[in-house]
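The values are calculated or read from the model by the stated rules, or taken from the named source; none is laboratory data. All values derive from a computational prediction rather than experimental measurement. Reconstructed Cβ throughout: ideal geometry from the backbone, glycine too, with neighbour counts over all protein chains shown. The accessibility values were calculated without ligands, DNA or RNA, using every heavy atom of the protein model including side chains. Shrake-Rupley method; radii C 1.70, N 1.55, O 1.52, S 1.80 Å.
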Amino acid sequence: RLETIIDGLQDHGRLARNTAVLATAKHFLGDGGTRYGSSTTGTYTTDQGVTYATQQELEAIHLSPYRTAVDKGVGSVMPSYSSLQILGRDAQPIKMHARGDQITGVLKGRLGFRGFVISDWNGIDQITADHRTNAKLGVNAGIDMVMVPDQYVTFEKDLKNLVTAGDVTMARIDDAVSRILLQKFKLGLFEQPYADRTNIGSIGNAAHRAVARTLAAESQVLLKNTGNVLPLAANANVYVAGSNANNIGNQVGGWTVTWQGSSSSPAVGTTILAGLQQVAPGATFTYSANASAPIGNATVGVVVVGETPYAEGAGDVGNGHTLDLSAADKAAVDTVCAAVKCIVLVVSGRPMNIAPIQAEASAIIASWLPGSEGAGVADVLVGNAPFTGRLPVSWAKNVDTTTSPVNVGDASYDPLYAYGWGLRTDSPKARLTAARDALAAGADGAAGKRAVPTLTALLQGDFWNSDGTLHRVIPAFALLSQAAKNLGGVSVGAAMQAGAIVSLVRDVAQKAIVNAGASGMAKTASLTADAEHALLLGNPTTAIALLDRAYRQVI
C-alpha cells in the first residue's frame, strides 16, 4: 500500500512541524501507460510518450491512485511530461501540462484536491513553441507553481503581462497562491522556515548503515535454488565474476552518486564482493570480473550481473538500452556455470531477460539495486540472514510481452516468475511460532487472540518435519485457514501476522511448483499472483484457498 508513504512524509499531527515533508503524487495522469514508441523526445520509446485510453480505462487504471492520494491528503501533484488522448473524445493527444479538464476539472474539482499543482522541470515549455502561450495554457489549466529553472525572468514577465491583458485572471492567481500558502502553513514554514540540522552530522553513521544492510538483505528475492546450493558453506572456495560484483556505482544506481549514476564514481560503501570477504573470512575467493582468470579449485561460483546506472529517460529500453544481459555478463555466466555450480545475482532496477541463463544457473537471485551495503547481500548468501523477499512485479520470460503475457489478469498470464514469487530459507515453524506469540500478546486485539488456540494446536501437533517445514499439509492448510479468518482487514497487526500465516502455505505451494518442473509455473502463476493480491487486500483466507488450489494443481 504505497499511499502510506504520504502519512510518513507529511503526518503533521504526529511529526514535529519542521520534520514533516510535503508529499507529491506524480506524474498525473497516465504516465505509466504510454504506448511503446510514442515518445516525442529523441530516441526514447516510452518516456514522455502518449497514453491512449478510453474514459473507462482512465478512471479504472490511471486515475485510481490519484484518487487514493487525494483521500490521503497529499499536498501537491505534478503533471506528467507525457500526453493523453482519451479515445472517443479527443481528436489528438494533448500534453498533460495543458489539460485543464483533468487538472482543474477532475483533480481539483471532482476529486476535491486542496493542495497545489506543480509543473515538472520546464514542463510547460513542451506545450507549444511559444513561451508566453505556454505560460497562459499551463497556468489556466490549473498549474499553481511552475518549475522554471532557467527562463524565470521571462516567465515572470510573461505571466505579469498575461494578467494585465486579462488572459490569466487574478482569481486564478489568488487560487494558486492560496493553495501554496495553505501547504506552507500546514508545514509550519512561517514559524520555522528551516529544517532542524542538529543531527546532520550523523547521517550515514554506523547505525544508519546497519539499517541499510538489513534492508538490503530483506530485499533479496531467491527465484531459484536447485539442489540447495545456498547458503554458501563457511569454508567454501568461491569464484566471483560479473560486472556488478565489485562496483558500488552499479550497485546504487541512478539518482545517487550523480544524476544518471556512475559506475566509476567513488562512494562510501561495501561492494558485494567486499561484503562476501567480510562475512565469510573462512572462505576462499577468486575474483575475475569477466571470468577470464582460471577457475582452479573453486567449488561454487557467484556471478553478479545486471545493468549500469541510469535515471529517467536514459534507461528507456530502445534508447541504447535493452533488458538483455550484456555480452560480457552472459559470457561470464556461461563460463562459470559450465565449470561449477553457480549462483547468479541480478543487480538491476527492473526485471531483466534472464531466460537464456535459466537452465545453467543453479540459483538465481533478484538483487535489485541493493545500495551501498553489499554486506547485506552477502549476509543472505552465507546464511547469516534468511531469504524472505518476494517479487513486487511479475518477471517476464522475454522482452516481447506480446508473446509472453506478463500482467496479472492477462488472459494467458505466462511469466517466468509470478508476481509474489520468492523462496524463503527461514524456518516456517519458527515463523508461525513468532506470529502466534505476537497474537497472544495482543498484536491484533481480541480477534487476533481468537486465532491463538488454532495456531497452538497446529504448532503442537504432528505437522512438522525436523527442519521446521510442514508435512500433512492438507489438514495443516485447514487449520491455517481457520486461524486466518480472525485476521481479515488491513490493520498493521493483522497484515503482519496474516502474512506470516499465509507464507507457510506459499512455501509448500512454491516447493511443489518447483518440483513440477517447467510446467509448474505456467499452471499456477495466475493462482499464486491472485493470492498475493488477496493478501494485500486483507483477505488471508482467500489467499490460502488460492495457494491451496495452486498446490493441488501440481502435486
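Taking the range 107-164 on its own, what percent of its Cα-Cα pair distances exceed 17 Å? Tail of the P(r) past 17 Å holds 35 percent of the pairs. By DSSP, the beta bridges lying fully in the chain are antiparallel in about 20 percent of cases.
Here the Kirkwood formula puts the hydrodynamic radius of the chain at 26.3 Å, using every distinct Cα pair.
Based on the mean of other Cβ atoms within 10 Å per residue, sort peptides 99-109, 362-372 so the most packed one is first.
The packing order, highest mean first, is 362-372, 99-109.
If C337, C342 are ordered by their accessible area, calculated over protein heavy atoms with a 1.4 Å probe, which sequence runs from highest to lowest?
Accessible-area ranking of C337, C342, largest first: C337, C342.
Per residue, the chain exposes 45 Å² of solvent-accessible protein surface, assessed with a 1.4 angstrom probe and all protein chains in place.
Look at the Cα gyration tensor of the range 79-144: its axes a ≥ b ≥ c give a/c of at least 1.5 with a/b at or below b/c, and that counts as oblate. Of the DSSP H helices in the chain, those that are both long (alpha-carbon extent of 24 Å or more along the helix axis) and hydrophobic (Kyte-Doolittle mean at least 0.5) are 492-515. In terms of its C-alpha gyration tensor, the range 169-224 has an oblate overall shape, because the principal axis ratio a/c (a ≥ b ≥ c, square roots of the eigenvalues) is not below 1.5 and a/b does not outweigh b/c. Computed with a 1.4 Å probe on the full set of protein chains, the accessible area for Y287 sits at about 90 Å². The Cβ shell under 13 Å around G349 holds other residues with a net charge of -2, Lys and Arg each +1, Asp and Glu each -1. Measuring against 24 Å, Cα to Cα, the residue pairs K397/K511; K397/K485; K429/K511; K136/K186; K26/K160; K330/K397 contain K397/K485; K136/K186; K26/K160 as the ones spanning a longer distance. Accessible area of the range 46-88 with a 1.4 Å probe: how many percent of it is carbon plus sulfur? For the range 46-88, the apolar C and S fraction of the accessible surface comes to 50 percent.
If both residues of a DSSP beta bridge must be in the range 302-437, then about 10% of such bridges are antiparallel.
Mind running the shape call on the range 1-157? Use the C-alpha gyration tensor, a ≥ b ≥ c as the square roots of the eigenvalues: rounded below 1.5 for a/c, prolate if a/b tops b/c, oblate otherwise. Oblate is the answer for the range 1-157, as a/c is 1.5 or above yet b/c matches or exceeds a/b. 3J(HN,Hα) along the range 115-120: x, 10, 9, 10, 6, 6 Hz, from the Karplus curve 6.51 cos²θ - 1.76 cosθ + 1.60 with θ = phi - 60°, whole Hz, x for Gly and Pro.
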